[in-house]
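The values are calculated or read from the model by the stated rules, or taken from the named source; none is laboratory data. From a predicted model like this one, the values you see are computed outputs, not experimental measurements. All Cβ positions, glycine included, derive from the backbone under ideal geometry; neighbour counts span all protein chains shown. Areas reflect the complete protein model, heavy atoms only, side chains present, ligands, DNA and RNA absent. Shrake-Rupley method; radii C 1.70, N 1.55, O 1.52, S 1.80 Å.
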Amino acid sequence: MTTTEGVQTTARRRWLRLTNPFIYLVAIFVGGVTILPIVYVVVSGFRTTGQLAADPNALPDPWVTENYSAVLTSPEFWQQIQNSLVIAVITTLVVVGFGSLAAYALSRFVFRGREALYTFFTLGLLFPVGVAILPLYLLLRNLDLLDTAWAVALPQAAFGLPVTIVILRPFMRQVPAEIEDAAAIDGCSRFGFFWRFMLPLSKPALITVSILAFVGSWNAYLLPLLLLSDPTQYTLPLGTAVFQSQYSFDTARILAFTALSMVPALALFVLAERRIIGGLSGSVKG
Amino acid sequence: MPAPADLATGRRRRPGRPVANRPRRLRKRVELTLFLGPAFVLYSALVLVPMGMAAYYGFFNWTGLGPLDDFVGFDNYRRAFSDPVFRGSVQNNAIIVALSMLIQLPLALALALLLNRRMRGRTLLRTVLFAPYVLSEVITAVTWVLLLQPSGPVDHAMETLGLGRFVQLWLADPDVVLYTMFVVITWKYIGFGIILFLAGLVAIPDELKEAAAIDGASSWQTTRHIVLPLLGPTVRIWAFLSIIGALQLFDLIWIMTLGGPAGASSTMVTYLIDHGFKRNEFGYGSAVAMILFTLSFVVALLYQRFVLRRDTEGALTRMAG
């Protein structure tokens, strides 16, 4: 073992030394192309539309903060953040709550038709929200829910159930049956077991599905676009798109707005990077 | 693994405590309803019922208001298949799928293979590559609209680099716009592919590569015959997600071009929204939705059947362990 490792490290060291410049060049190029548009938006937000028209690709001279302060002091921006937050939280709570209850029953109960029911839920992975959007709109209109957070959150939660159940069920299956037996002997009810043991034991998977649901909701555009027409109900993505079409004459202001609307998603990403990458690649890697 | 659920049946769960059969069965039924009911109701009401309604509305000529009484049979479907804009939309979706497989996949694979080694700044690079994936499609679209506007940042940069004669009307030229979209899609999603493949590469045991090297395999031979085949499952899942995503393409296009100019960047979903909502053709839009659904469903099933079959248990079921 030690010998192979030794051979390998020497080989790797030589390999590193030989190829480094080229690899780093590729890495810098790819990273640069990826990050440049984002940096451009953030930095150009400090210029005026006049500066931008004179030369779109220059550094701010002088740096102006009016664009950013105008967005940050506008009540619309904060309203949209709040709306997005409310919708994302409702979506996440509903999908994780309902999904974990169902996944628990589907993983630990024995009953006829269990696998059929599981398939019934997993089929939803193949149903794109676009297909159901017209009837959904009519349904929510009839329920008088249009222009409310529920109109967006509930369908999102419903369409998020399949992936939530698919991720949670195998996880809950791995919890040893002995724990459940012991809890039952101690007089713990089915729900008590679910609440006091199953949820804490499934925490990693619960965090993964929560992040998937939250980020999906936070970034969503199609449902808010069609179900929210009242500007006071706009979510951040919807508001960003509308802002872009309304202020098309004031490029600098759009840049600042776009830069600021990047902040929450990027902040969440930096805070939970490992979870997000682990969750996303884990959920597809197998 | 023994099925743990077997132990969860009542009799073995409470040894030595005789329980009458009927109350226990009733209790189990109540428990099942409480656990499964909420998800079942929500999923049925907001996913399955609307899908069924779309299938039904598709046979009517209807504006979404007033009585649903103008039954037209398969006319809506006939109309969709004979509309050149809709056929163009299907074709555009297909082109995006094809370009993803032919360009994005090899590019992401090559970059993942190149970057799969210990190097300075690897964590930073991973964060950078993943950043566009985390941003919403709306932010991506607005950003690129600004970058690509005529004599905007991109055009200007190209002129500075002496590439001025390649400048196009990126979003306004019908012959160019779809490829522009593909570049933007690639910018947003290639990091996801690279990270996925890197995760797959890390899982390949070094011993295999060493063994091949000891047997005299060149680095390319090791990659071709050991690494790539072992990466197969990851690649197949990536391709599946990419195909399904490309068939649902909407946000980016809607914000950047609304499917224009003259339908040149239209996709099935932008066509659906354009007719269903903007023109209030709920019946016709529903028929289009059913075509979209059938197409995605068939593609997904065929893919599961013929491509993912090899990867035991398939797509998402093995996760979270």
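Observations, loosely collected:
- The set of residues from the stretch B:70-109 being in contact with a Phe, Trp or Tyr (Cβ under 8 Å, 6 or more places away or on another chain) and in a loop (DSSP other than H, G, I, E, B) comprises B:70, B:72, B:73, B:74.
- Extreme residue, surrounded by the fewest Cβ atoms within 10 Å (Cβ to Cβ), among residues of the stretch B:249-260 that are assigned to a loop (DSSP other than H, G, I, E, B) and out of contact with any Leu (no Cβ under 8 Å at 6 or more places or on another chain): B:258
- Any hit, the stretch B:252-275, residues being aromatic (Phe, Trp, Tyr) and at pLDDT below 95: no
- Of the residues making up the stretch B:214-240, not one is closer than 30 Å to residue B:141 by Cα and either surrounded by fewer than 16 Cβ atoms within 10 Å (Cβ to Cβ) or away from every other protein chain (no Cβ under 12 Å) (or both).
- Residues in the stretch A:172-193 that are open to solvent by 30 Å² or more (accessible area, probe 1.4 Å) and either outside the structural domain of residue A:212 (by TED's automatic domain parsing) or under 29 Å from the mean Cα position of the chain (by Cα) (or both): A:173, A:174.
- Of the criteria (1) more than 7 Å from chain B (Cβ to nearest Cβ); (2) closer than 30 Å to residue A:230 by Cβ, which one residue A:155 fails: (1)
- Considering B:247, B:272, B:292, B:258, the condition of being free of Cβ contacts under 8 Å to residues at least 24 places away in the same chain and at the interface with another protein chain (Cβ under 8 Å from one of its Cβ atoms) is satisfied by B:272 alone.
- Residues of the stretch A:54-84 satisfying the condition of being touching a residue at least 24 places away in the same chain (Cβ under 8 Å) and open to solvent by 60 Å² or more (accessible area, probe 1.4 Å): A:72, A:76, A:79
- Among the residues of the stretch A:118-156, those that are closer than 16 Å to residue B:42 by Cβ and not in a helix (DSSP H, G or I) comprise A:127, A:143, A:145.
- Cross-chain or 6+ apart pairs with Cβ under 7 Å, the stretch B:30-55 first and within 7 Å of another protein chain (Cβ to nearest Cβ), then surrounded by fewer than 17 Cβ atoms within 10 Å (Cβ to Cβ): B:32/A:111
- Single condition residue A:95 does not satisfy, out of (1) without any contact (Cβ under 8 Å) to a residue 60 or more places away in the chain; (2) more than 21 Å from residue A:238 (Cα to Cα): (1)
- For the stretch A:225-251, a tally of residues being free of Cβ contacts under 8 Å to residues at least 12 places away in the same chain, more than 9 Å from chain B (Cβ to nearest Cβ) and assigned to a helix (DSSP H, G or I) returns 2.
- Residues within the stretch A:207-222 that are over 9 Å from the mean Cα position of the chain (by Cα), surrounded by fewer than 24 Cβ atoms within 10 Å (Cβ to Cβ) and not hydroxyl-bearing (Ser, Thr, Tyr), tallied: 2
- Selection status of residue A:169, closer than 13 Å to residue B:39 by Cβ, open to solvent by 10 Å² or more (accessible area, probe 1.4 Å), charged (D, E, K, R) and more than 7 Å from every other protein chain (Cβ to nearest Cβ): yes
- Residues located in the stretch A:108-138, provided they are surrounded by 23 or more Cβ atoms within 10 Å (Cβ to Cβ) and more than 7 Å from chain B (Cβ to nearest Cβ): A:133
- Test: residue B:46 is at pLDDT below 90 and among the aliphatic types (A, V, I, L, M): no
- Wholly within the stretch B:110-192, helices (runs of 4 or more DSSP H) carrying at least 1 residues that are under 22 Å from residue A:53 (Cβ atoms) and β-branched (Val, Ile, Thr): B:137-148, B:153-160
- When residues of the stretch B:199-213 are limited to those that are exposed (fewer than 13 other Cβ atoms within 10 Å of the Cβ) and out of contact with any Ser or Thr (no Cβ under 9 Å at 6 or more places or on another chain), the one farthest from residue B:108 (Cα to Cα): B:205
- Condition check for residue B:93: buried (at least 21 other Cβ atoms within 10 Å of the Cβ) and more than 23 Å from residue A:240 (Cα to Cα): yes
- Boolean, residue A:197 is open to solvent by 30 Å² or more (accessible area, probe 1.4 Å) and either assigned to a helix (DSSP H, G or I) or at positive phi (or both): yes
- Residue ID - farthest from the chain's Cα centre (by Cα), chosen from residues in the stretch A:194-205 that are more than 10 Å from chain B (Cβ to nearest Cβ) and of a type outside the set (Phe, Trp, Tyr): A:196
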